[in-house]
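What follows is one structure encoded as C-alpha cells, with my remarks underneath.
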Amino acid sequence: MNVQIEPSWKQQLTGEFDKPYFVGLTTAVRGEYSQFTCYPPGRLIFNAFNLTPFDRVKVVIIGQDPYHEPGQAHGLSFSVQDGVTFPPSLQNIFKEIEQDLGTPMPATGNLTRWAEQGVLLLNATLTVRAHQANSHATLGWQQFTDAAIQALASRRDHLVYMLWGGYARGKAYMIPKDRNLVLESVHPSPLSANRGGWFGQHQFSRCNAYLKANGIEPIKW
C-alpha cells in the first residue's frame with residue numbers, strides 16, 4: 001500500500017502496511033472520513049511520524065486518541081493548533097513545566113516545537129469522529145501504533161518514555177527499562193491530577209538530566 005508517511009518510519013514499519021488489519025483499517029478510516037467529520041485532517045493523520053523521524057526520537061509521549069472538537073487536533077498527542085484554547089490536560093502539563101523548570105506558560109498549545117526536537121507525540125489511535133471520544137479505538141490503529149513503540153523499543157536505546165495515566169502505562173511492558181528511562185504518572189487531566197501524582201513529579205527535568213547523561217541534547221520544553 002502507498003502510505004504517505006515519513007521515509008524512515010515507512011522503512012521501520014514496512015511489514016505492517018500489507019497486513020490484513022492495516023488494509024481493513026485503511027478502508028474503515030476512509031469510510032469514516034467520507035461519511036462523517038473526523039479529526040485530524042487527513043493530511044495530518046501521520047503528523048507525529050512526519051515531524052519526528054525514527055532516528056531523531058528522544059522522547060515518547062503516548063496519548064489515547066485525538067481531540068474531537070473543531071480546530072483542535074493536528075496529529076500530535078496533547079497538542080492543539082495555534083489560537084486554540086488550551087485543553088485542561090495541556091494546561092496542567094504547562095503548569096508542571098513551569099513549576100519544574102521555571103519555563104513560563106507559552107502563548108500557544110501547538111507542540112510542533114517539541115516534535116521537531118525529537119519528542120514523538122503519539123496517540124495510540126490516530127483518528128476520531130467529531131464529538132465522539134474513542135470512536136475509532138476499535139478500527140485497528142492500536143496494533144499499528146504498538147508496532148511503532150516496539151520498533152523503538154527494540155532498535156533504539158536511551159529514550160525517555162513518558163507514560164501518563166493507566167492507558168499509557170499499559171504500554172510499559174514493551175519497553176526495556178534497563179536501556180531507557182520510563183517515567184510513569186497519573187494523567188494530567190484535572191480529574192486525575194488534582195488527586196495527586198501529577199504535580200511535583202519533576203518529569204521534565206528528570207527527562208533532560210537523563211538525556212544529558214547519555215550525551216543527548218535536552219529538550220527545550
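Quick notes on this one:
- Residue count for region 161-177, restricted to those that are aliphatic (A, V, I, L, M) and part of a loop (DSSP other than H, G, I, E, B): 1
- The condition of being small (Gly, Ala, Ser), modelled with pLDDT of 95 or more and closer than 17 Å to Phe78 by Cα holds for Ala130.
- Residues satisfying the stated conditions in region 45-61, i.e. within 19 Å of Gln142 (Cβ to Cβ) and open to solvent by 10 Å² or more (accessible area, probe 1.4 Å): Ile45, Phe46, Asn47
- Residue selected from region 178-221 under the condition assigned to a helix (DSSP H, G or I) and closer than 18 Å to Leu90 by Cβ, by the criterion most open to solvent (accessible area, probe 1.4 Å): Leu191
- Residue list for region 80-93, restricted to those being touching a Ser or Thr at 6+ places or on another chain (Cβ under 7 Å) and either surrounded by 18 or more Cβ atoms within 10 Å (Cβ to Cβ) or basic (Lys, Arg) (or both): Ser89
- Total residues in region 11-31, condition surrounded by fewer than 17 Cβ atoms within 10 Å (Cβ to Cβ) and either among the basic types (Lys, Arg) or over 16 Å from Ile149 (Cα atoms) (or both): 11
- For region 140-168, filtering for residues that are of a type in the set (Ser, Thr, Tyr), touching a Lys or Arg at 6+ places or on another chain (Cβ under 9 Å) and open to solvent by 10 Å² or more (accessible area, probe 1.4 Å) leaves 0.
- Answer from His187, His158 - the residue that is touching a residue at least 40 places away in the same chain (Cβ under 8 Å) and under 20 Å from Ser8 (Cβ atoms): His158
- Some residue of region 67-85 being outside any strand (DSSP E or B), under 20 Å from Gln201 (Cβ atoms) and free of Cβ contacts under 8 Å to residues at least 40 places away in the same chain: no
The values are calculated or read from the model by the stated rules, or taken from the named source; none is laboratory data. Source: prediction; values computed, not measured. With ideal geometry, Cβ positions are generated from the backbone for all residues, glycine too; neighbour counts draw on all protein chains shown. Only protein heavy atoms, including side chains, enter the accessible area calculation; ligands, DNA and RNA are left aside. Shrake-Rupley method; radii C 1.70, N 1.55, O 1.52, S 1.80 Å.
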